[in-house]
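Bear in mind these aren't lab numbers, they're just calculated from the coordinates by the rules spelled out. Fair warning: this is a prediction, and the values are worked out from it, not measured in the lab. Neighbour counts are summed over all protein chains in view; Cβ atoms, including those assigned to glycine, are modelled from backbone coordinates with ideal geometry.
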Amino acid sequence: MTGHVPYLNSRLQSHAGTIFAEMSALAAKTGSINLGQGFPDVDGPDLIKRAAIRAIEDGHNQYPPGNGIIELRAAIAAHQKRFYGLDFDPESEVLVTAGATEAIAACLLGLCEIGDEVVMFEPYYDAYAACTAMAGAQRRVVALNAPDWSFEPLALEDAISDRTRLILVNTPHNPTGKVFSLAELEVIADVCRRHDLIAVTDEVYEHLVYESAHVSLATLPGMAERTITISSAAKTFSFTGWKVGWVCAIPELITAVRAAKQYLTYVNGAPFQYAIAEGLNECDQYVVEEARILRHKRDRLAQGLDAAGFRVLDSHGTFFLTTDISALSEEDPYTFCRALPERCGLVAIPSSVFYDDEVAGRHLVRWMFSKRSEVLEEAITRLARL
Ligand code: PMP
Ligand code: GLN
């Protein structure tokens, strides 16, 4: 959305500002309800907050170990075993990162040669494109086709070349809310095995699923040794500002990712690591309950959007809903979202920014529903003004 940015290198010219920062600033400036950037307006469990305070008071305030504290790595390994039956050795197969964002960056910077290709599904989370560019790699996109966000197995096959380094998968998927089915993941796994590719799977919304279960790609035959699984405490525990994420993979892959990670941040917030370890060990019930509440909020916002004249596409996971705005406006989604605060005091995200294909993303706008019920109801009242 910016023109040429002086001093910025050419790789990052088209990634100069994130849409989330821009739209959150717009919400703050106009006093609008922010259904744009993905963060809840209620914090996670008190138990986890208290654990962070205790960790500070107990003196866990210096650099933690490079891999993350062992208590957190053990809790992550136990989580992977409990939910997916996956075995990871906390000593050598788990790495704590500064959110999933750093994990994504470290995977791309650590694994890609200049000129390598990274295959990702479109629409794609913006950091995938930016981090691929930072790594000097090229993105190759495979379309997820609205309204059901299915993809053509042949299109995936066609995206693979002898320069392909890895396939990036995001399930549950931001921005669409798609939850990849087992059959779809089998198609991806088959391609990875046949072409000897690494899969990087971003599962930050793993617990925010409303109909079907989340399937972790690493559980498929032959995938444990070639999959890097990324997740984060941000969405699971509603602490997006804490930036505690992680990577699970075989030791050789962890070593490669850590090589990049150690020069990005080296480590991240020691006390938060203790707190999230406690959260992972103690808060399964919170996670289940949150998904139940969010499902209800999804349905409520979908009703409100539908009543306001939007075409609402199905979302089965994450805390996002996608709408087609073409019945309401001929504007492109970016212009539409820029004008939304003035029209009705709301902020949303133009999904067109997640596309290379200008036609495919032309009418799509993303809305975030993890807000308190009264805020959501007020947003629905405002939608009716459109
Ligand atoms: N991946 C996806 C798909 C996301 O939506 C986000 C935003 N939460 C991230 C990664 C980044 O996660 P974190 O805040 O843990 O860096
Ligand atoms: N993942 C969040 C979203 O999609 C935003 C996080 C960020 O601003 N980087 O809204």
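Could you line up T335, T164, T97 from fewest to most neighbouring Cβ atoms inside 10 Å?
T335, T164, T97
Only Lys, Arg, Asp and Glu count, each charged at its Cβ (+1, +1, -1, -1), so figure out the dipole size of the chain about its Cα centre, rounded to 20 debye.
In total the dipole reaches around 840 debye.
With just the Cα atoms of segment 146-223, tell me how far they stretch along each of the three principal axes, in Å, largest first.
37, 26, 18
With only Lys, Arg, Asp and Glu charged, each at its Cβ (+1 for the first two, -1 for the last two), find how big the charge dipole of segment 282-348 is about the Cα centre; round to the nearest 20 debye.
180 debye
Scattering from the C-alpha atoms of segment 301-354 alone, worked out with Debye: what is log10 I(q)/I(0) at q = 0.13, 0.25, 0.29 1/Å?
Relative scattering, expressed as log10 I(q)/I(0), comes to -0.30, -1.18, -1.44.
If I model a spin label as a point 7 Å beyond the Cα along the Cα-Cβ vector, how far apart are those points for A16 and A28 in nm?
Simple spin-label model gives 2.1 nm for this pair.
Counting chymotrypsin sites (Phe, Trp or Tyr not before Pro) as exposed when in a DSSP loop with at most 14 other beta carbons within 10 Å, what is the longest stretch of the chain free of them?
With a cap of 14 other Cβ atoms within 10 Å, the longest stretch comes to 8-265.
Would you mind telling me the antiparallel percentage of the DSSP bridges in segment 107-240, rounded to 5?
The antiparallel fraction comes to roughly 5 percent.
For K261, give me every one of the lysines with a C-alpha distance below 22 angstrom, ignoring sequence neighbours fewer than eight places off in its own chain.
List returned: K235, K243.
Give the value in nm², to one decimal: projected area of the alpha carbon convex hull of segment 76-221, averaged over all directions.
Mean projected area of the Cα convex hull: 8.6 nm².
Roughly what would the spin-label model give for A259 and V5, points 7 Å off Cα along C-beta, in nm?
2.8 nm
For the pair R300/Y63, report the inter-label distance in nm, with labels modelled 7 Å from Cα in the Cβ direction.
4.7 nm
If Rh is defined by the Kirkwood formula over all Cα pairs and Rg also comes from Cα, what ratio Rg/Rh do you get for segment 171-327?
Ratio of gyration radius to Kirkwood radius: 1.02.
Can you tell me the alpha carbon radius of gyration of segment 260-386 divided by the globular rule-of-thumb value 2.2 N^0.38 Å?
In units of the globular-protein estimate, segment 260-386 measures up at 1.32.
Over the Cα atoms, compute the radius of gyration (one decimal) and Dmax (the largest Cα-Cα distance, rounded to a whole number) for segment 128-190, in Å.
Expressed in Å, the Cα Rg and Dmax of segment 128-190 come to 12.3, 33.
Using the eigenvalues of the Cα gyration tensor, what equivalent ellipsoid semi-axes result for the chain when each is taken as the square root of five times the eigenvalue, whole Å, largest first?
Over the Cα atoms of the chain, the semi-axes work out to 31, 26, 20 Å.
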